[in-house]
Every structure is written in C-alpha cells, then in structure tokens.
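The values are calculated or read from the model by the stated rules, or taken from the named source; none is laboratory data. Nothing here was measured: the structure is a model prediction, and the numbers come from that model. All Cβ positions, even for glycine, are placed from backbone atoms using ideal geometry, and neighbour counts span all protein chains on display.
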Amino acid sequence: MRIARVLLSSQYAYMLEYRAEIALWTLSGVVPFIMLALWSQVDASGGGTGELGLNRLQLGRYFLSAFIVRQFTIAWVVWAFEEDALQGRLSHALLQPLHPLWRYLGAHLAEQATRLPFVALLVGLFFLLQPDTVWLPSLGQAFAALLAIWMAFTINFLLQSAIAILCFWSERANALERLLYIPYLFLSGLVAPLEVFPPAVRAAALWTPFPYMIAFPAQLLSGNPPSISGGFAAMALWIALLLPLVALLWKAGVRRYSAMGA
Amino acid sequence: MPIVCAERLSKTYRVAQKQPGLGGTLRHFFWRRSRLVEAVRDLSFSIEPGEMVGFLGANGAGKTTTLKMLSGLVYPSGGNLLVAGHSPQRRQASFLRSITLVMGQKQQLIWDLPPLDSFRVNAAVYGLDDTEAKRRINELAEMLELGEELTRPVRKLSLGERMKAELLAALLHRPSLLFLDEPTLGLDVNAQARVRTFLADYNRRHGATVLLTSHYMADITALCPRVLLIHQGGLFYDGSLEALTQRLSPCRLVRLELKTPLPASAFSSYGQVEAIDGREVKLLIARDQLTGAVARLLGDLEVLDLEVADPPIEDVIGQLFQKGVVQ
C-alpha cells in the first residue's frame with residue numbers, strides 16, 4: 001500500500017509538471033463530440049425519428065459518456081515502454097524489486113487524476129451548451145459505470161502491455177499498436193454507437209474486447225445499457241485472458257532484453 | 001566464499017547489418033542480414049566480499065555486457081554465474097535488494113522532480129520506513145556533500161550534482177554489491193575526486209563489494225587494488241594494478257633535470273629517450289637495468305634532480321589496445 005501511495009503521489013507530482021500538455025491531450029480527445037455533431041445531423045435528416053436506435057437526447061448522453069470513458073481508459077504503455085526499452089531506462093526499473101508494469105500503472109492513474117478537472121470543465125461546458133441533456137445517474141448506475149470504466153481501463157492497459165512486451169522481440173511495438181487502433185476506433189463505439197452497426201458486424205464486434213473499452217461503460221453511464229451481467233462477464237473474461245498472457249509474454253520477453261542504450 | 005563467481009561466462013548478440021546509402025537501406029528492408037557478435041566469451045573470475053575490483057578493457061571489450069549479466073539485466077548465453085548466492089537472471093527480490101548497478105550515462109532519477117521525490121519512491125520500493133529512509137538519505141547526502149540540491153528539480157542540477165544524486169538513489173537500500181559502469185563519466189576533476197572518496201568511504205563503512213569500470217585510470221588506481229583486464233570478451237589479466245603495469249611495461253620512466261642541456265645521443269647508452277625538453281629529459285629504462293643505469297647517470301652527468309616512476313597506466317593500457325592483439 002505504501003508503495004502504491006508513494007508511486008501515485010510522485011507520479012501525480014510529475015504529471016502536474018505537465019498539466020498544460022495533459023489539458024491539450026484532454027482537448028484532443030473530443031472525437032466523440034465531433035461524432036455527436038455528425039450523427040445528430042444524420043438523425044435530423046431522417047426527421048429525428050431515432051432511426052439510429054437512439055433519439056437525439058440519448059445520442060448526446062451516449063457521446064458525452066463515451067468522451068468521459070475514453071478520458072479515463074486511455075493507455076499509452078506501448079509508447080512509454082518502447083521508449084524506455086530503446087533508451088535503456090527500463091534497465092533501472094528491472095533492477096528494482098518491483099515489476100516495472102506497476103510503475104506504468106501508477107503513471108496512468110496519476111495522469112487520470114490530472115485529467116479529472118479538465119474533463120469536469122468540458123462536461124460542464126457541454127451541459128451549458130446542451131442543457132436538455134443534463135442527467136444524473138442513480139447511485140447504483142454510477143457505481144456500475146465506475147466499475148465498468150475501471151475494468152475497461154484494465155483491459156486496455158493489459159492489451160497495450162501485451163503489445164509493449166513485444167518490444168523485446170521487435171523493438172517497434174508501437175507499429176503493432178497502430179494496427180489495433182483502427183478496430184479500436186470503429187468497434188469500441190467511439191465513432192458510432194454499436195446500435196447503428198449492421199447486426200452481423202455488431203455480433204462480431206462483441207467477440208472482441210473493443211466494445212467493452214468504450215461502448216459498454218458509456219451505455220451504462222448514459223443509462224441505456226444492454227445486458228449488464230453479460231457486459232461485466234465479458235470484461236472479466238477478457239481480463240482473465242489477458243493477465244496470464246501478459247505474464248507469459250513478460251517471462252519469455254525479458255530473457256531477450258539486451259539493455260541496449262544502457 | 002566468493003560473492004561473485006563466474007565460470008566460462010559468455011554472451012552472444014545477434015546484430016543487424018546494414019550498408020550505408022539508399023541501396024543499403026533498400027537491401028536491408030527486403031533482405032535482413034544479421035551476424036552474431038560474441039561480446040563475452042569464456043570469462044571466468046571470482047570476487048571476494050568487500051573487494052574493490054577494477055574492470056578494464058577497451059570500448060567493446062565486453063565490460064558493460066558482463067556487468068549487465070552480473071546484475072541480472074541480461075541473460076548469459078552460456079556458462080555459470082552465481083552472484084550473492086543467486087542466479088542473477090532470475091532477478092529474485094532478495095538478490096535485487098543486495099545489488100545496485102550505476103550507469104554513468106543513464107539516470108534513474110525523475111527528470112522534472114527534485115531527487116528527494118525519487119528517493120521516496122526508492123525507499124518505498126525497498127521497504128524502508130520514513131524514519132530509516134530519512135536517516136540514510138541524510139547519511140549519504142553528508143558523505144556526498146549534497147544539500148539543497150536535493151530539493152531542486154533534477155533537470156536544474158549540474159552533471160556532477162546529478163551523478164552524486166544518482167549514487168545516493170542507487171545506494172539508498174544499502175546494497176552489499178555495487179556494479180559501477182563509468183560512474184565518473186563526464187565529471188570534472190574535482191567531482192571525480194569526490195565520487196572516488198565517497199566510494200572508498202562507502203566500501204569502508206559497509207564492507208561493500210565494488211566492481212568498477214572506468215576510462216579514468218585515476219578511478220582505478222585510487223580505488224582498486226585488483227584489476228580484471230578483459231580483451232575481446234575474454235579475461236586477459238587478473239591481479240594487482242602494479243603487477244599489470246610491470247607485466248605490460250618492462251620499463252620504468254626516469255625523469256632527469258640536468259645542469260646543462262645535452263643532445264639525445266648522450267643518453268643512448270642508458271636507455272630509450274622518451275622526450276627531451278631543454279634540461280629536462282625522460283628516459284625509459286628496462287627494470288632489470290634500472291639500478292645500474294641510474295648509478296651511471298648520477299656518476300656521469302651533472303644531475304640536479306632525478307625521479308623514477310612507472311609510465312602512466314593510461315599509456316600502458318592504451319598501447320596494449322592499440323596493438324590490437326594481446327600477446
């Protein structure tokens with residue numbers, strides 16, 4: 001616990017040194033708002049009849065929720081890990097009796113804490129511009145959404161960690177991460193709610209981890225969830241699959257570490 | 001019982017090969033070629049607890065790779081290795097708590113925060129409570145002559161201050177085995193001297209074992225009674241620095257100050273003339289002829305001052321590596 005507390009506080013102090021950068025990163029995550037404008041136009045051209053499966057209000061709440069979920073599930077392990085491995089900084093972390101991935105986890109959580117006020121500001125601004133979308137989730141709904149966001153972050157963090165560990169083999173793992181970005185963008189529900197996808201695509205997407213990274217927590221938060229138990233079960237399954245995968249990859253990969261640049 | 005025991009240690013890397021230019025780049029893109037580089041081969045040595053050992057060798061001789069294997073960063077390709085009773089590559093927590101690796105050109109301190117923040121993290125990672133951590137930080141800071149620098153962001157520190165803070169971070173958990181790779185690299189003469197004094201002091205206080213690589217021979221001569229010289233990945237010499245100098249340089253350097261200048265030809269019967277600068281002459285004289293030659297010099301010439309020394313170890317080692325192949 002003490003390690004967690006100290007890691008978080010030092011990483012938080014570090015992130016605060018870069019608060020302007022984090023504010024810009026937060027601003028750069030407004031894709032859901034752009035998509036909201038786009039889908040609202042599509043809905044309006046259809047007479048606002050909710051042909052997309054969601055009415056205008058639901059669309060607004062969904063994309064606002066997607067924005068919030070995205071802000072607290074972003075993972076950048078691949079980038080940080082690859083740079084640390086190539087520059088030799090990973091060596092210091094490997095020489096301490098603490099798994100290096102804990103440091104990255106601490107950095108992510110600290111960054112999320114730094115993002116919090118900027119996200120709150122943007123949410124406030126959104127409500128100011130669209131006052132009819134204001135809603136307050138129930139306590140149970142908020143708790144479930146928080147849990148889903150945390151699990152979504154865990155899936156994203158583990159998935160990225162698995163790719164990051166491939167640095168031990170390829171040295172350019174972020175290229176692989178790029179490959180995953182496209183399915184993430186479209187299947188996660190970031191650019192469109194899953195309801196607008198053809199049923200076959202939606203069914204296929206549900207076999208991937210992507211809808212659980214944005215869509216499911218966003219649906220929970222916006223009060224329009226599909227199967228809650230099914231969603232949580234799928235998330236738990238993905239975490240249960242990814243955890244041992246990361247452990248196995250780490251064990252095999254670290255043998256190949258050549259401490260280059262160090 | 002040795003604290004470090006390496007038997008026939010070897011490490012082979014696969015290294016990509018690329019020719020320069022556009023053609024080379026295109027060929028490299030379609031047909032990757034690589035070759036195996038034997039960074040360390042059949043290296044055997046042992047170190048007793050509390051020893052301070054210098055690790056010498058030219059660039060690429062395999063010093064850093066060996067240190068990385070000893071500290072568990074890199075898996076050996078072959079041989080046996082036992083460090084502080086552990087197989088380093090398993091990186092067990094008890095092993096990691098007993099060692100440290102300081103790399104002069106790499107830093108572990110968080111760049112934008114004061115060193116104290118990094119020390120807090122290290123203290124937590126190594127399970128030191130706040131009181132003990134504070135006590136150790138104060139003790140090491142005093143030994144390293146660090147004060148208000150510890151509250152300044154690392155990026156605002158000078159190279160020397162940063163290196164001292166790095167040392168503090170690396171030694172906070174009080175390791176009994178120190179692997180130091182160029183710990184004085186880039187430091188000015190005064191900072192180098194302070195780091196040397198600190199390391200000697202740390203070794204004395206805590207009985208720590210130190211294995212040190214440095215291109216600054218002053219580090220080795222000041223700290224290491226024993227040196228390991230590796231060449232092309234293999235062990236070339238293991239013993240005292242003095243004996244190494246004798247082995248590599250069969251001559252001693254005799255500096256003379258004469259009453260009047262003389263031509264070089266006047267010294268040919270005493271030894272090899274190294275340099276002549278007016279009344280000052282430097283001669284290289286074979287060790288077994290030294291006594292006789294000095295007696296004759298004093299008898300034959302008007303000598304105001306005479307000094308006998310070993311040639312600088314840098315020159316001796318430098319000549320050795322320049323020759324390429326060690327005899």
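Points to keep in mind about this one:
- Among the residues making up segment A:214-237, those that are surrounded by 22 or more Cβ atoms within 10 Å (Cβ to Cβ) and either in a helix (DSSP H, G or I) or more than 16 Å from the chain's Cα centre (by Cα) (or both) are A:215, A:216, A:217, A:218, A:219, A:220, A:221, A:222, A:231, A:235.
- Among residues of segment A:9-35 that are in a helix (DSSP H, G or I), those with a Cβ under 6 angstrom from a residue that is among the polar types (S, T, N, Q), sequence gap 6+ or separate chain, pair up as A:15/A:114; A:22/A:114.
- Residue within segment B:290-300 that is polar (S, T, N, Q) and either in a loop (DSSP other than H, G, I, E, B) or in contact with a Lys or Arg (Cβ under 8 Å, 6 or more places away or on another chain) (or both) present: no
- Residue identified as at pLDDT below 90 and either outside any helix (DSSP H, G or I) or under 30 Å from residue B:122 (Cβ atoms) (or both) among A:102, A:135, A:150: A:135
- Pick from segment B:215-252, criterion of a type in the set (Ser, Thr, Tyr) and either farther than 21 Å from residue B:101 by Cβ or at pLDDT 85 or above (or both), ranking: surrounded by the fewest Cβ atoms within 10 Å (Cβ to Cβ): B:240
- Verdict on residue B:141 being surrounded by 15 or more Cβ atoms within 10 Å (Cβ to Cβ), more than 9 Å from chain A (Cβ to nearest Cβ) and touching a residue at least 24 places away in the same chain (Cβ under 8 Å): yes
- Test: residue in segment B:82-92 that is buried (at least 22 other Cβ atoms within 10 Å of the Cβ), at negative phi, more than 9 Å from every other protein chain (Cβ to nearest Cβ) and in contact with a Cys (Cβ under 9 Å, 6 or more places away or on another chain): yes
- Residue B:189 meets the conditions (1) within 19 Å of the chain's Cα centre (by Cα); (2) over 24 Å from residue A:101 (Cβ atoms); (3) surrounded by 20 or more Cβ atoms within 10 Å (Cβ to Cβ); (4) modelled with pLDDT under 90 in every case but one. The failed one is (3).
- For segment B:99-124, the set of residues classified as surrounded by fewer than 18 Cβ atoms within 10 Å (Cβ to Cβ), more than 7 Å from chain A (Cβ to nearest Cβ) and not hydrophobic (A, V, I, L, M, F, W, C) consists of B:105 only.
- Filtering A:154, A:133 for residues that are of a type in the set (Ser, Thr, Tyr) and within 30 Å of residue A:100 (Cβ to Cβ) leaves a single hit, A:154.
- Residues that are closer than 17 Å to residue B:303 by Cα and among the hydroxyl-bearing types (Ser, Thr, Tyr) within segment B:246-279 comprise B:260, B:265, B:268, B:269, B:270, listed in sequence order.
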